[in-house]
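Here the structure is laid out as structure tokens; the discussion comes afterwards.
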Amino acid sequence: MTSNTSNMILFAAFAHEATSALYDLRWMVVFVIVLIIADFWFGISDALHRRKEFRFSRAGRRTCNKFIDYLAYLLVGCTIGLAITEPLGLIDHTTTAAIGLGLGCLWELDSIVGHVCAIHGVENKFSVKKFLISLLARKFKDVGEAVEDAMEEPPR
């Protein structure tokens, strides 16, 4: 067998395995899309309700960035599962992908709840993101402060 043919067979085997892993994650991808569309919709509604300046280009760009971020969480979790946890017999790649995506979904759900509360005039004093950061800051003061600084909105 020539080197070119063996390379094609290896690529086909790898592509088949990658496709099957992504097929296992298909409903997680749908969930990400639903969350992002919901956040986009409630974010627009919140901005219009508060008569705040709203630009579709900025909202669209942020929505696309979120989609890429959440796909990255999903794929990193899946890859960790395929590369580390499955060979060690710990947990499968769909579970590690769900854990990675779950962290991103917490932030997204926090954003959606904030928009819905603002639309209905309810003061939302609880934030999952702030709660987790405060737990992190309590355990590891320097890391918590670094995360708080990174999460702050940059000045405009």
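For segment 1-140, the relative contact order works out to 25 percent when only alpha carbon pairs closer than 8 Å and six or more residues apart are counted.
Treating only the Cβ of Lys, Arg, Asp and Glu as charged (+1, +1, -1, -1), what charge dipole size does segment 21-119 show about its Cα centre? Round to the nearest 20 debye.
640
Rolling a 1.4 Å probe over the protein heavy atoms of the chain, with every protein chain left in place, gives an accessible area that is 67 percent carbon and sulfur. With a simple spin-label model that places each label point 7 Å from the Cα along the Cα-to-Cβ direction, the separation between residue 138 and residue 67 comes to 3.9 nm. Restricting segment 1-103 to trypsin sites (Lys or Arg not before Pro) that sit in a DSSP loop and have at most 14 other Cβ atoms within 10 Å of their own Cβ leaves 50, 51, 52, 55.
Using the Cβ of residue 63 as centre and a radius below 13 Å, the other residues enclosed give a net charge of +2, where K and R count +1 and D and E count -1.
According to the calculation over all Cα-Cα pairs in the chain, the P(r) per 5 Å bin from zero is 2, 8, 12, 15, 16, 15, 12, 8, 5, 4, 2, 1, 1, 0, 0 %.
Equivalent-ellipsoid semi-axes for segment 48-109 (Cα gyration tensor, √(5λ), whole Å, largest first): 35, 11, 5. Solvent-accessible surface of segment 8-156, taken per residue with a 1.4 Å probe and all protein chains present: 72 Å².
Kirkwood's formula applied to the C-alpha pairs of segment 1-80 gives a hydrodynamic radius of 15.5 angstrom. Annotation note: GluC sites (Glu not before Pro) in segment 75-145 located in DSSP loop regions with a Cβ neighbour count of at most 14 within 10 Å are 123. Considering every alpha-carbon pair of segment 58-150, the percent of pairs per 10 Å bin, from zero through the bin containing the longest distance, is 15, 29, 38, 15, 3, 0.
The values are calculated or read from the model by the stated rules, or taken from the named source; none is laboratory data. Here the structure is a predicted model, which means the values were calculated and not measured. Please note: Cβ atoms are built from the backbone with ideal geometry, for glycine as well, and neighbour counts cover all protein chains shown. When the accessible area is computed, the model is the full protein with side chains, heavy atoms only, and any ligands, DNA or RNA have been set aside. Shrake-Rupley method; radii C 1.70, N 1.55, O 1.52, S 1.80 Å.
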